[in-house]
Amino acid sequence: MYLKSKLSWNVVLAAENLDIKGLMLQKAIITRLMADFAAKKASKDLGYFLAVSTVLSIGEGKVRQQSGDVLFPVDFSCITFKMLTGEVLEGVVHKILKHGVFLKCGPAENVFLSQKKMDDYQYVPGENPYFMNGKSSKIEKGVVVRFLVIGERFKEAEKVFEAVGSLEGDYLGPIS
């Protein structure tokens with residue numbers, strides 16, 4: 001679920017953002033790193049980028065010939081979120097369809113829980129549809145559900161993950 005990773009990125013600063021004072025330069029590099037980190041959003045291997053935890057080193061800047069910008073190699077550690085097949089997670093129901101429900105789990109908003117993978121739950125239509133089983137356990141909008149990840153994929157164009165979950169197993173289902 002949560003991974004700690006070490007990465008090496010190149011941070012490019014425009015010449016006008018450079019300052020002779022070391023601390024101001026370090027601040028500008030870290031600010032730019034944070035902006036680049038937030039814009040990248042996710043990668044297939046590491047998952048969603050959540051936070052830069054430690055800047056390990058900032059290398060010597062190299063001036064780019066064409067633009068005059070300065071490129072700094074930066075090593076840092078970060079926290080990422082990635083759903084792994086076989087992992088048990090919790091998500092909040094945000095959409096209910098006849099064939100299943102969609103959950104939000106951390107930064108992932110497209111976790112599909114098919115009716116076929118929800119043991120004995122039956123769809124109950126209406127203005128506020130929900131799923132209910134024989135033990136009066138209810139899955140409706142806003143309910144937290146513990147589920148097993150049975151598959152995930154990364155959509156490169158949108159930089160988002162989609163996952164498929166299941167309630168087949170012990171201690172899975174809605175939790176109060």
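Tabulated results
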{"quantity": "Any chance GLU127 is in a loop (DSSP other than H, G, I, E, B), over 30 Å from LEU148 (Cβ atoms), of a type outside the set (A, V, I, L, M, F, W, C) and touching a strand residue (DSSP E or B) at 6+ places or on another chain (Cβ under 8 Å)", "calculated": "no"}
{"quantity": "Residue match in segment 32-41 (condition: assigned to a helix (DSSP H, G or I), over 30 Å from MET83 (Cα atoms) and not hydroxyl-bearing (Ser, Thr, Tyr))", "calculated": "no"}
{"quantity": "Answer residue from segment 10-47, given it is modelled with pLDDT of 85 or more and among the polar types (S, T, N, Q) and is farthest from CYS78 (Cα to Cα) among those", "calculated": "GLN26"}
{"quantity": "Count of residues meeting criterion [in contact with a Cys (Cβ under 7 Å, 6 or more places away or on another chain) and loosely packed, with under 15 Cβ neighbours inside 10 Å] in segment 108-121", "calculated": "0"}
{"quantity": "Options ALA157, ALA163: the member that is under 29 Å from ALA38 (Cβ atoms), out of contact with any Ser or Thr (no Cβ under 7 Å at 6 or more places or on another chain) and exposed (fewer than 13 other Cβ atoms within 10 Å of the Cβ)", "calculated": "ALA157"}
{"quantity": "Top-ranked residue of segment 136-169 - restricted to ones that are at pLDDT below 95 and among the polar types (S, T, N, Q), ranked as farthest from LYS44 (Cα to Cα)", "calculated": "SER136"}
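The values are calculated or read from the model by the stated rules, or taken from the named source; none is laboratory data. These numbers were taken from a predicted model, which means no experiment stands behind them. No Cβ is skipped: glycine too gets one built from the backbone with ideal geometry, and neighbour counts run over all protein chains shown.
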